[in-house]
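For reference, the structure discussed in these notes is given below.
The values are calculated or read from the model by the stated rules, or taken from the named source; none is laboratory data. Quick caveat, the model's predicted, so the values are computed rather than measured. In this analysis, Cβ positions are derived from the backbone assuming ideal geometry, glycine residues included, and neighbour counts consider all displayed protein chains.
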Amino acid sequence: MTTPDTPAAQDASRERMPSWLPRAVFVILAMIAGFRLLGWTLAHLRSLLIDLLLAFFLALAFEPAVDRLARRGMRRGVATGIAFVVVFLACAGFLAVVGSLLVDQVVAFAHHLPDYLDDLVGWVNRTFDTDLTVEKIQGDIFKDSGTVQNYAERVANNALGLSAKIVAGLFELFTIALFTFYFTAEGPRMRRAVCSLLPPERQAEVLRGWEIAIDKTGGYLYSRAALALISALAHYVAFLVLDLPYAVPLALWVGLISQFVPTVGTYIAIVLPALIAMTVSPLTAVWVVLFATAYQQFENYLLLPRVTARTVEIHPALAFGAVIAGAALLGAVGALIAIPIAATGQAFVGSYLQRYEIPEHRLTPDETRPRRRPGPLTRMWRRARDGRRRADPQDQKRNNR
């Protein structure tokens, strides 16, 4: 009979599997499977999650107007509907004005295309001392009819795919609008539901973060609206100088599209004015493109950082980095909501940081302290003193010593 202290019993206990090992292996495999399932789910729901995130930030932008109407006794659902109708009418009016302008100009451009081609070829010949003709250019383009035919067949085959993408885009816009309406109309109820799951000391923090997000999102939209107004005014003046037709709707188009369409809005906005400028002269179109490019550089390096920093209270370098990071993570939507997220996070974290007084030092001057301008008597005394010093050579020698 073997006892626990015998060598045979000790060898048997070493060969026996530990009781915790199967459970640990099962837990590790379950965690791996859970992470794989979570990654698969997020990959397939990425589009919906981005739509929900965008709808949440749009709801934050609607919150101040809806709250103001609700405080006057209006039901929150009705107030949200009124806000949505106002925004929809504004967008529809803008699209109707610009759309009719675009259709008219496309029809006119197609009708006068031969004359425009003759003018363009004549300008190229005079400017660059060439000997081109419209017939020669058409012959070079259409000499390989098989290539043109194959391109036309590919366009026709992709028409169904293009229609499906348009329908999918409209459905995505409807989804974002629907969730935005729900988030705005049910905002107080949703916040109560979230806070009911948290202890009392955490509820105040969540509500404070929510309030900061509303303020920063509103500030961001205000800054974009201000930049859109400045851009529209600048382009309106430029279009008047260039004697461009439809200067007012074209300036509004450039201002709104360049500010509220992230990343590529500037390039989309200038296409329509450039096409209409072609109806005046090719040189006018070149001047339109050059002005838009110069103004964009002025806005990116001088105007945008200052306006954004004042309205969203975020450092220009942090705002620029947030836009790059947001575009890398979520594309155009990330670039659009990156600055409100960064400003909200900065304000929320800053409320928990304790700051101390900084001693006076030459490396840390207080640049925010206002510098008091000397009074008129002080300025007169300084001018008289400087005049006496320039007039007295002995005084200058004593000062130099």
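Quick look at the numbers
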| read-out | value |
| --- | --- |
| Restricting the range 249-274 to residues that are hydroxyl-bearing (Ser, Thr, Tyr) and surrounded by fewer than 19 Cβ atoms within 10 Å (Cβ to Cβ), the residue that is nearest to Ala294 (Cα to Cα) | Tyr267 |
| Any hit, the range 301-320, residues being hydroxyl-bearing (Ser, Thr, Tyr), modelled with pLDDT of 75 or more and not in a loop (DSSP other than H, G, I, E, B) | yes |
| Flag for Ala90 being modelled with pLDDT under 80 and either exposed (fewer than 13 other Cβ atoms within 10 Å of the Cβ) or of a type in the set (A, V, I, L, M) (or both) | no |
| Which numbered condition Phe181 fails, given (1) of a type in the set (Phe, Trp, Tyr); (2) modelled with pLDDT under 90; (3) farther than 25 Å from Ile314 by Cα | (2) |
| Enumeration of residues in the range 225-248 that are within 21 Å of the chain's Cα centre (by Cα), of a type outside the set (Ser, Thr, Tyr) and surrounded by 18 or more Cβ atoms within 10 Å (Cβ to Cβ) | Leu227, Ala228, Ala232, Ala234, His235 |
| Members of the range 45-82 that are of a type in the set (S, T, N, Q) and closer than 21 Å to Ala332 by Cα | Ser47 |
| Members of the range 188-224 found to be of a type in the set (A, V, I, L, M, F, W, C), over 14 Å from the mean Cα position of the chain (by Cα) and closer than 22 Å to Val323 by Cα, listed by number | Trp210, Ile212, Ala213, Ile214 |
| Where a residue in the range 71-89 is over 17 Å from Met190 (Cα atoms) and of a type outside the set (D, E, K, R) and its partner, wherever it lies, is surrounded by 13 or more Cβ atoms within 10 Å (Cβ to Cβ) and modelled with pLDDT of 90 or more, with Cβ under 7 Å and at least six apart | Phe84/Phe181 |
| Count of residues meeting criterion [more than 24 Å from Met74 (Cα to Cα) and not polar (S, T, N, Q)] in the range 176-212 | 15 |
| Residue match in the range 55-62 (condition: of a type outside the set (D, E, K, R), more than 21 Å from Ala213 (Cα to Cα) and in a helix (DSSP H, G or I)) | no |
| Where a residue in the range 219-233 is at negative phi and its partner, wherever it lies, is in a helix (DSSP H, G or I) and surrounded by fewer than 19 Cβ atoms within 10 Å (Cβ to Cβ), with Cβ under 8 Å and at least six apart | Ser223/Val307; Ser223/Arg310; Arg224/Phe260; Ala226/Val307; Leu227/Leu303; Leu227/Val307; Ala228/Phe260; Ile230/Leu303 |
| Restricting the range 234-260 to residues that are among the aliphatic types (A, V, I, L, M) and in contact (Cβ under 8 Å) with a residue 60 or more places away in the chain, the residue that is farthest from Gly99 (Cα to Cα) | Ala234 |
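Residues checked against (1) modelled with pLDDT of 80 or more; (2) in contact with a helix residue (DSSP H, G or I) (Cβ under 8 Å, 6 or more places away or on another chain); (3) among the hydrophobic types (A, V, I, L, M, F, W, C):
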| site | (1), (2), (3) |
| --- | --- |
| Arg208 | yes, yes, no |
| Ala213 | yes, yes, yes |
| Ile230 | yes, yes, yes |
| Tyr246 | yes, yes, no |
| Pro249 | yes, yes, no |
| Val254 | yes, yes, yes |
| Gly265 | no, yes, no |
